[in-house]
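Structure record follows, encoded as structure tokens.
The values are calculated or read from the model by the stated rules, or taken from the named source; none is laboratory data. The shown structure was predicted, so the numbers you read here are calculated from the model rather than taken from an experiment. Here the Cβ is made from the backbone with ideal geometry for all residues, glycine too, and neighbour counts use every protein chain on show. All accessible areas refer to the heavy atoms of the entire protein, side chains included, with ligands and DNA or RNA removed. Shrake-Rupley method; radii C 1.70, N 1.55, O 1.52, S 1.80 Å.
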Amino acid sequence: MKKTLIAHLRQRIWGCKQVADNIRRWLHRKLSTKIPQPIADEEFLARFVLHSRYICSSNQTIKSAAFIPRPYPDLSVTRHKGFSENQLWNIGLDIATAQSRTLYGRADVSAASVRQQSLTVKPDPIPRNPNHANILGWPKEKSAQKIIAQKLAAASIYQSNPQPTA
């Protein structure tokens, strides 16, 4: 039944990738029997960097723009928990490939740093990334989002992609 429903949905919405991705995420959450563990304060979260404009080239740090959630109400991240460095980079590469972009690096920030900004971190496993999570609770005003993003960027550690693509 599950496979038939998913196959039917894929066939009906093949040409609309965003709709398909949203439905696939929703179905995965609804049909999954595994409940993700809560995110501890000491856990690190990776924000993959797919735009070179998010990197300060003079000192190889992350710019606050990498943490702005617009146009979405949440910010997508990946938990480090249970992943090797190689597995984490492979997830980032999958994300970049799916968006036809280059993986420049990642900004690692602790869940505690996120929560200090009155934001919430919620596990949101997706089919190719069981450690996917969302940062929720962003203010609607862009100026308020920018202040929080600046604090998250300052609390993060930027790492360049160890295997940059040409």
- Would you mind stating whether Y104 is modelled with pLDDT of 95 or more, under 20 Å from I55 (Cβ atoms), open to solvent by less than 90 Å² (accessible area, probe 1.4 Å) and in contact with a helix residue (DSSP H, G or I) (Cβ under 8 Å, 6 or more places away or on another chain)? yes
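Taking the stated definitions as given, is A154 over 13 Å from the mean Cα position of the chain (by Cα), at pLDDT 95 or above, farther than 23 Å from S58 by Cβ and surrounded by fewer than 18 Cβ atoms within 10 Å (Cβ to Cβ)?
Working: over 13 Å from the mean Cα position of the chain (by Cα): yes; at pLDDT 95 or above: yes; farther than 23 Å from S58 by Cβ: no; surrounded by fewer than 18 Cβ atoms within 10 Å (Cβ to Cβ): yes.
Considered against the rule, which asks whether it is over 13 Å from the mean Cα position of the chain (by Cα), at pLDDT 95 or above, farther than 23 Å from S58 by Cβ and surrounded by fewer than 18 Cβ atoms within 10 Å (Cβ to Cβ), A154 comes out as no.
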- Query: Is there a residue being open to solvent by less than 30 Å² (accessible area, probe 1.4 Å), out of contact with any Gly (no Cβ under 8 Å at 6 or more places or on another chain) and assigned to a loop (DSSP other than H, G, I, E, B) anywhere in segment 47-59?
  - Reply: yes
- Verdict on S76 being modelled with pLDDT under 95 and open to solvent by 30 Å² or more (accessible area, probe 1.4 Å): no
- Query: For residues in segment 127-142 being out of contact with any Leu (no Cβ under 6 Å at 6 or more places or on another chain) and open to solvent by less than 30 Å² (accessible area, probe 1.4 Å), which is farthest from Q37 (Cα to Cα)?
  - Reply: W138
